[in-house]
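In what follows, a structure is listed as C-alpha cells, so that the remarks can point back to it.
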Amino acid sequence: MSTLEPGAVTVPSVATLDDAVALALSLATLGPAHGPNPRVGCVLLAPPQAGAPARSPRRVLGAGYHRGAGTAHAEVDAIDDARRRGNDVRGATAVVTLEPCNHTGRTGPCAEALLAADVAEVCHLVPDPNPSAAGGAERLRSAGVHVPGPLEDGAGPGHDLLRVWLHAVTTGRPFVTLKTATSLDGRVAAIDGTSRWITSAESRAHAHRVRRAVDAIAVGTATVLADDPTLTARTPGDGTPGDADHQPVRVVVGRRDVPPRARLRTVPGGQLVHVRTHDVREVLAELARRDVRHLLVEGGPTLAAAFLRAGLVDEVHAYVAPVLLGAGPPALADLGVTTIDEALRLETLGTTALGTDVLVVARPQPVRTTHHQEA
C-alpha cells in the first residue's frame, strides 16, 4: 500500500496483529502533540482465513489517525481510508491505540461508527479513563463485537504515548514538567545576574523542542521583570505535523503587572495568560479550564519551589552545565527542608548528553501535603 499522505507512515499490504499494533502506534504519533485530545491510531485487518493461526498475517484494509479537535477520530479515518482503497471492512478487526469513545462531541461516537461498519473485533491498547467518553468497549461487546480487553495492563507503549493526556484526564490538572538550567554547583546566574549562556547550544535547542511539545509555559512575575522573556519556541520543530506552527500559551504567575512594553506583549507568540495568584493549585485549575494538558514551569526559583512543595511536579528536566560559579542565585528557593531525611528524592528516568551538558530527566517521589502552596 502507499502512504496515507505525503510524510505519513507507510502502510504495508499485510500485517500480523503485533505489526498492526506497532503501525497504529506509529500513526498515532502523527497527531498533534499538544491540545485537549489524545493521539490515537487505528489499523483495520481483514478477517482471518478459516483455520489460520490467530497471529497469522492478514491483509491491511485501511489505517488512520486523529489529526486534532474537530477532525475524524482514528477509527473513522481508518474506515474512510479502507473505503477509498475499495476495501470492504465487514468482519474486520480494528486495532486501535485507545478504547473507542462512546459519546458525541464535535464528532459522533467511534463505537457506533465501528458497529455501522460491521467490524467483528476491536483490539485496543489503553482503556479510556475519561468518564464522558468511556464505555465504548462495553457498547461494542453488548452488540456482539468481540473485544478481548485492553492489550496493555497499565503500562506499555500505548500508555507511554498517552501519558500526559491520561494524567490530565485522571487528575483533572495538567501534567507539570519543571525545567532547570544550572551550573554544576546549582546556580542559574552569576552573582551580577548574568546568565547567558550557562548551558550549551544543544541544551537550548532541546529545551525549545520541549517548548514546542507542551501546551503552556509558566514563569513568575519576578522572572518577567528581571529577564523580560518571550517564552516562545524558536527552533524548528521535531517533525510532528503542525509542530512548526505551534506556540505554547505564555503563563505569568503573580500579582504584579506585566509591563506594557514587555516582550511577552510585543513579541508574537502564544496567548498571554496572567494568573494573579501565588497559589499554584489555582494556576493549574485555571489552565485546566483552558484545556491545557501539559505545563512547562521554567522559573524562577520561587515558582519552581512552590510547585515542588505542593507535590505538583510530575517530571523534572534538569540541564546541567560543566560550569562552576561559586555564587549567584540558586535554581530553587527554600523547600522547607531542615534535615537530610526531609530531602525531596527523585527517581532518575534517564540521562542524555547534550553538547558539553547533561540532561537529567527525573520523577519526584510523592510528598505529603495538607495545605496550599504559594509562589
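Structure values in brief
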item: Selected residue (only one of Arg59, Arg90, Arg67 is crowded, with 17+ Cβ neighbours inside 10 Å, charged (D, E, K, R) and not in a helix (DSSP H, G or I)); result: Arg67
item: Single condition Ala22 does not satisfy, out of (1) closer than 21 Å to Val89 by Cα; (2) open to solvent by less than 60 Å² (accessible area, probe 1.4 Å); (3) part of a loop (DSSP other than H, G, I, E, B); result: (3)
item: Residues of the stretch 151-191 satisfying the condition of being loosely packed, with under 15 Cβ neighbours inside 10 Å, free of Cβ contacts under 8 Å to residues at least 40 places away in the same chain and more than 12 Å from the chain's Cα centre (by Cα); result: Asp153, Gly154, Ala155, Thr171
item: The stretch 116-127, residues that are out of contact with any strand residue (DSSP E or B) (no Cβ under 6 Å at 6 or more places or on another chain) and either buried (at least 18 other Cβ atoms within 10 Å of the Cβ) or part of a loop (DSSP other than H, G, I, E, B) (or both); result: Ala117, Asp118, Ala120, Pro127
item: Test: residue in the stretch 59-66 that is modelled with pLDDT of 90 or more and over 19 Å from Arg90 (Cα atoms); result: yes
item: Filtered residue count, the stretch 27-56, keeping only those that are β-branched (Val, Ile, Thr) and either in a loop (DSSP other than H, G, I, E, B) or closer than 16 Å to Val164 by Cα (or both); result: 2
item: Identity of the residue in the stretch 317-348, touching a residue at least 40 places away in the same chain (Cβ under 8 Å) and part of a strand (DSSP E or B), that ends up surrounded by the fewest Cβ atoms within 10 Å (Cβ to Cβ); result: Pro330
item: Selection from the stretch 266-284 of residues that are under 15 Å from Thr171 (Cα atoms) and either among the polar types (S, T, N, Q) or open to solvent by 40 Å² or more (accessible area, probe 1.4 Å) (or both); result: Arg281, Glu282
item: Top-ranked residue in the stretch 136-150 [being in a loop (DSSP other than H, G, I, E, B) and open to solvent by 30 Å² or more (accessible area, probe 1.4 Å); ranked as nearest to Thr104 (Cα to Cα)]; result: Ala143
item: Single residue of the stretch 245-256 satisfying the filter (touching a residue at least 24 places away in the same chain (Cβ under 8 Å) and surrounded by fewer than 17 Cβ atoms within 10 Å (Cβ to Cβ)) that is farthest from Leu225 (Cα to Cα); result: Arg255
item: Test: residue in the stretch 1-18 that is modelled with pLDDT of 85 or more, closer than 30 Å to Asp291 by Cβ and under 29 Å from the mean Cα position of the chain (by Cα); result: no
item: Options Leu308, Leu359; residue that is at pLDDT 90 or above, within 26 Å of His206 (Cβ to Cβ), in contact with a His (Cβ under 7 Å, 6 or more places away or on another chain) and not β-branched (Val, Ile, Thr); result: Leu359
item: Among residues of the stretch 204-226, those that are of a type in the set (S, T, N, Q) and modelled with pLDDT of 95 or more, counted; result: 1
item: Qualifying residue in the stretch 281-300 (condition: farther than 27 Å from Pro32 by Cβ, more than 20 Å from the chain's Cα centre (by Cα) and at pLDDT below 95); result: yes
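Yes/no per residue for (1) hydroxyl-bearing (Ser, Thr, Tyr); (2) modelled with pLDDT under 95; (3) over 15 Å from Arg58 (Cβ atoms):
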{"position": "Ala78", "(1), (2), (3)": "no, no, no"}
{"position": "Leu98", "(1), (2), (3)": "no, no, yes"}
{"position": "Thr104", "(1), (2), (3)": "yes, yes, yes"}
{"position": "Asp118", "(1), (2), (3)": "no, no, yes"}
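The values are calculated or read from the model by the stated rules, or taken from the named source; none is laboratory data. Every value quoted in this text rests on a predicted model; they were computed, and no experiment measured them. A quick note on method: Cβ atoms are made from the backbone with ideal geometry, for glycine too, and the neighbour counts reach across all protein chains shown. When the accessible area is computed, the model is the full protein with side chains, heavy atoms only, and any ligands, DNA or RNA have been set aside. Shrake-Rupley method; radii C 1.70, N 1.55, O 1.52, S 1.80 Å.
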